[in-house]
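Notes to accompany the following structure.
The values are calculated or read from the model by the stated rules, or taken from the named source; none is laboratory data. Small disclaimer: the values here were computed from a predicted structure and weren't measured. Virtual Cβ from ideal backbone geometry, glycine too; neighbours counted across all protein chains shown. For the accessible areas, the whole protein counts, side chains as well, though only heavy atoms, and no ligand, DNA or RNA atoms are used. Shrake-Rupley method; radii C 1.70, N 1.55, O 1.52, S 1.80 Å.
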Amino acid sequence: MIPVSAYLAVSALLFSIGMYGVLARRNAVLILMSIELMLNAVNINLVAFSRYLAPGEFTGLVFAVFVITVAAAEVGLALAIIIRLYRNRATVNVDEIDLLKW
Amino acid sequence: MAVWLGFGVLAGATVAGALGTVTSRNVVHAALFLLVTLIAVAGLFLMLFAEFLALVQVLLYGGAIVLVLLFALMLTRIRGTAASLDNPQRPLAIVAALATVGLLLGVVLSTQWPVQQPGGGPVGFPQWGASLFRQWAIPFELASVVLLVALIGAVVISRPGGEE
């Protein structure tokens, strides 16, 4: 059988790739996609631990459902903000959105 | 061995799709690579006997979220060159990501996990539903309130006009 560390390794890779995307990308929508990658890595971890360490309980699975819910809410809000920014500044380039920078 | 083959295919698709998402020079291609990753993660959930989560993953992530992201890409059309999708801090981002993956993989692979075999059978929908609506009823209702507030907030923020 597959050891739990294999799932955790995939999750670690996915999380790091997502982190690279958040740090290196310039387009706000692409940054949002990278955040989705990181959230998926967290979900893999939760489900794997739920399966291997507490198979009779649903705690990890329920937490994964909540993470997906919060991700959906976050995408909706973030895209509303991005569209608003695009309307006001005609850009979604995070380097140029520096209204709060002094 | 068949299990390892399936796991290898799904893990490879997950990582390859993620790499495509963060390196693609075309924003729409990035969204489609993200779809590959999300479907592969649903397959990993299936391998962990979490059928309900796999369904939710395909419906919500693969369907709704990717669709909304594609709509956002369409509404915020960028007329710049393709080379401007990355920051000047990209080398530092590579260093940070490599450091993170090294740290995480080192910890994961050097730890003695107490359990090496998955326990229990497939999770039945009835037990799952009972747990969600008995033990986790209040967090579940709070999650719906969060979704409602986010929905109203999104409508208010993106509404045309407003205060000028």
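Odds and ends about this structure:
- FRET E, pair B:ILE138, B:ALA64, Förster distance 22 Å, beta-carbon r, rounded to 0.05: 0.30
- Shielding of peptide B:85-91 by partners, expressed as the average count of other chain Cβ atoms within 10 Å per residue Cβ, is 5.
- Sorting B:MET47, B:MET1, B:MET74 by accessible area puts them as B:MET1, B:MET74, B:MET47; the probe is 1.4 Å, largest comes first, and only protein heavy atoms count.
- Charge tally in the Cβ shell below 14 Å around A:VAL94, where Lys, Arg are +1 and Asp, Glu are -1, A:VAL94 excluded: +1
- Among A:ILE81, A:ILE44, A:ILE31, residue whose mean-square fluctuation peaks in a GNM of chain A (springs only between Cα atoms under 10 Å): A:ILE81
- For residues of B:149-159, the mean tally of beta carbons on other chains within 10 Å: 5
- Equivalent ellipsoid semi-axes - Cα gyration tensor, chain A, angstrom: 34, 16, 8
- Ordering of A:10-20, B:138-148 by packing [mean C-beta count within 10 Å, highest first]: A:10-20, B:138-148
- Taking a ≥ b ≥ c as the square roots of the eigenvalues of the Cα gyration tensor, chain B is classed as oblate, since a/c reaches at least 1.5 and a/b does not exceed b/c.
- Convex hull per residue volume in Å³, alpha carbons only, for the protein assembly as shown: 142
- For A:86-92, mean number of other protein chain Cβ atoms within 10 Å: 3
- In the complete set of protein chains, residue-level accessible area for B:TRP113 is approximately 50 Å², probe 1.4 angstrom.
- Computed per residue of chain A from DSSP H runs no shorter than four, each worth -39500 (n - 2.57), the mean residue ellipticity at 222 nm is -27000 deg cm²/dmol.
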